[in-house]
Amino acid sequence: MPVWNKDIETLNREDIEQLQLERLQAIVYRCYKNVSFYKNKFDEIGITPDDIQSLDDLSKLPFTTKDDLRESYPYGMFAVPLREIVRIHSSSGATGLPTVVGYTRNDLENWSDLCARIMFAAGVTRDDVVQIAFDYGIFTGGFGFHQGAERIGASVIPTSVGHTNRQVTIIKDYKTTAIASTPNCALTIAERMEKLNIDPKSLNLRVGLFGAEQWNESIRKEVEERLLIKATDNYGLSEILGPGVAGECEERCGLHINEDHFVAEIIDPKTGKKLAAGAEGELVLTTLTKEGFPLLRYRTGDVTTLDIDPCGCGRTLARMARVMKRTDDILIVRGVNVYPSRVREILIQKDGNIPEFQIVAYRQDNKDNLEVKVEISEELFLDEMKQLRTYHLQLERAMQKSLGIAAKVKLVEPATLRDENGSIKRVVDLRPRNGETPPAE
Amino acid sequence: MLKVRSLKVNYGAIRALKGMSFHVSEGEIVTLIGANGAGKSTLLNTISGLLRPTSGEIMLEDKPIHRLSPAVIVRRGISQVPEGRQVFSSLTVRDNLILGAYPKMRVSSRAEIREDIEHMEELFPILKERERQTAGTLSGGEQQMLAIARSLMAHPRILLLDEPTMGLAPIVVSSILTTIKRLRSEGVTIVLIEQNAHAALSVADRGYVLETGRVVLDGTVEELLENQEVNRAYLGKGYKEVWE
């Protein structure tokens, strides 16, 4: 099977670890020297860069969390002067302060190359016509895949998201062979094609690169059958790089982590202790080469397992299992992170009271949807219908604006959200997981 | 081929290397650049066995060599061209070369050594011209050629070069660099230490930037040339140019 960077992707374990150790020592030193956040943290717990003498010593380092990034908003954790930054991306900021990530020219080079690597592993070649149906803009998805496909030498069509009819027309007329998008977007396109009576057999599509939201084998099967493509999963997060952190090869038995640029650890999210190989836990990533925005032991909040056995494709880079769970209450719906804290803020009333609520993600017509159930007081229920309707509308508007995604608001009677133990489950995910049937509501 | 892991070396009370790691693969030219006192020569002297590390390891083809004597390390295939050439100035060029074959004396015949000298004189024609002169009468560039040739007499697989361009005229520098590339094409793996980052990055495949006994950056030559810190600190691009 062809490999994009054979020298690196098929290195033996010992050589990968040598490279990781060299780069880890250098980046820890750079962080200590250039990022006051890390210098303070190191000094606080009494360690110096010289304490990192092996990869195991990684566990001596402090974690970095999303909150740390927020507290240093916007540029506090950049390791180079802004003058050297040539690109800035950031999270949507829909859920509080956004996290801002700067890329130097070398960072962009590496990013492009890593995206090329995962796209090549998924089967994209220079002969492909690649349609990028990820959002272009401050979000990393569109640009990441765009640069990767360009690096491979494919013909890139930057369609960005939405405009389903146009996506379909372009797939058909421009003879798109590979599509990069969220799985949901691919299903929407498939649906539209069926409506327009377009036979997938008449198309040239053959490869799909999907990510940015949770999906599973049954969705994979469905996308593959409806679009007649081979679908691969990939993983990335904007704080670390965007797409290009890990991706499936054509064997599809886990996502190869680009270990020459990242060290992956699995920890117990409660104790923070590193777990043995193969155990399920929270993925913690350390960047090894980033110049602009290096991160040490960043807690991704994503739950997975690691496998370092060589893969059938010949690559030796460790594989992570598809992410099916988060450690926190965050729900990822159509690529958007939905935080309960944000919903709580929307619901705060003038008197400071917060009504009880529950966030529900569910799947309907192959689409992920969000519903927020809100308990309202009896007075409000007895109030005029018109007032109730206004309140309902207000909430839906506020959710859309603040969460960055439409949420159906359902007003429920008091004390209906508590379960038999008297507690309220803040977040309920009813979307089907691998091989499971969705639980009945 | 050569792997250095978390090497710490002390000079008396001073810690010259504070946990340095790097590697060289077969057939590569790898350069280590850095300012005075960054630990570059200390590193080479430790690999050669002249200094002992307090901790860390040096592996040559997965076998540790950091407890071996310099002579054994030369026989394992690592030769160093020391900083400041250090040719035997009162001996002739030819005698200098013969001394370079010292580690091979027991196993090589006179004929083989003669052949090697001929090969060196082919590689460095100037040495043939100066064969009977004492080394002290050579110019700086010629002495550097002699020092390299002398090291090659031991048939190293890895050649450690310590500032080979130091104090040389630009035209001589470029001929030394050409020689280094030529050696690589003959199958010698090269570790090149330089303060002259320009020169080093023009021949190397990869590089490490050293700072006070540690690696602060590694990458391909293209990456290092793009890095603004390298530009500012080691390539003499003005502070102003980079920061404003």
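Considering only residues in region A:248-260 that are open to solvent by less than 20 Å² (accessible area, probe 1.4 Å) and not aliphatic (A, V, I, L, M), the one that is nearest to residue A:138 (Cα to Cα) turns out to be A:258. Every condition in (1) within 17 Å of the chain's Cα centre (by Cα); (2) more than 14 Å from every other protein chain (Cβ to nearest Cβ) is met by residue B:52 except one, and the failing one is (1).
Taken over region A:117-156, the residue count meeting the criterion of being at pLDDT below 95 and farther than 18 Å from residue A:210 by Cβ is 2.
Selection within region A:19-38: residues that are polar (S, T, N, Q) and surrounded by fewer than 19 Cβ atoms within 10 Å (Cβ to Cβ). The member of this set that is farthest from the other protein chains (Cβ to nearest Cβ) is A:36.
For every residue, the table says whether it meets (1) modelled with pLDDT of 80 or more; (2) within 30 Å of residue A:282 (Cα to Cα); (3) open to solvent by less than 90 Å² (accessible area, probe 1.4 Å).
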{"position": "A:362", "(1), (2), (3)": "yes, yes, yes"}
{"position": "A:372", "(1), (2), (3)": "yes, yes, yes"}
{"position": "A:375", "(1), (2), (3)": "yes, no, yes"}
{"position": "A:378", "(1), (2), (3)": "no, no, no"}
{"position": "A:409", "(1), (2), (3)": "yes, no, yes"}
{"position": "A:422", "(1), (2), (3)": "no, yes, yes"}
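If you check A:164, A:188, A:182 for being within 27 Å of residue A:126 (Cβ to Cβ), among the β-branched types (Val, Ile, Thr) and either touching a Ser or Thr at 6+ places or on another chain (Cβ under 7 Å) or open to solvent by less than 30 Å² (accessible area, probe 1.4 Å) (or both), only one passes: A:182. Identify the single condition in (1) open to solvent by 40 Å² or more (accessible area, probe 1.4 Å); (2) at pLDDT below 95; (3) within 24 Å of residue A:335 (Cα to Cα) that residue A:83 does not satisfy, given that it satisfies every other one. Exception for residue A:83: condition (3).
The helices (runs of 4 or more DSSP H) located wholly in region A:1-65 that include 2 or more residues which are basic (Lys, Arg), within 27 Å of residue A:269 (Cβ to Cβ) and touching a residue at least 60 places away in the same chain (Cβ under 8 Å) occupy A:13-34. If you filter region A:39-78 down to residues that are facing chain B (nearest Cβ under 10 Å) and not β-branched (Val, Ile, Thr), you find that the one that is least open to solvent (accessible area, probe 1.4 Å) is A:49.
Would you call residue A:205 in a strand (DSSP E or B) and either among the aliphatic types (A, V, I, L, M) or open to solvent by 10 Å² or more (accessible area, probe 1.4 Å) (or both)? Considered against the rule, which asks whether it is in a strand (DSSP E or B) and either among the aliphatic types (A, V, I, L, M) or open to solvent by 10 Å² or more (accessible area, probe 1.4 Å) (or both), residue A:205 comes out as no.
Screening residue B:148 with (1) free of Cβ contacts under 8 Å to residues at least 40 places away in the same chain; (2) in contact with a helix residue (DSSP H, G or I) (Cβ under 7 Å, 6 or more places away or on another chain) gives one miss only, at (1).
Hey, any hits in region B:181-194 for a residue that's more than 30 Å from residue A:79 (Cα to Cα) and free of Cβ contacts under 8 Å to residues at least 24 places away in the same chain? Looking for residues that are more than 30 Å from residue A:79 (Cα to Cα) and free of Cβ contacts under 8 Å to residues at least 24 places away in the same chain, one finds at least one in region B:181-194, hence yes. Does residue A:245 satisfy the condition of being open to solvent by less than 20 Å² (accessible area, probe 1.4 Å), more than 25 Å from residue A:25 (Cα to Cα) and hydrophobic (A, V, I, L, M, F, W, C)? No, not satisfied. Restricting attention to region A:86-115, the residues being away from chain B (no Cβ under 13 Å) and surrounded by fewer than 18 Cβ atoms within 10 Å (Cβ to Cβ) number 6.
The values are calculated or read from the model by the stated rules, or taken from the named source; none is laboratory data. Owing to the predicted nature of the structure, the values given are computational and were not obtained by experimental measurement. As a convention, Cβ positions derive from the backbone with ideal geometry for all residues, glycine included, and neighbour counts pool all protein chains shown. Accessible surface areas use protein heavy atoms only, side chains included; no ligands, DNA or RNA. Shrake-Rupley method; radii C 1.70, N 1.55, O 1.52, S 1.80 Å.
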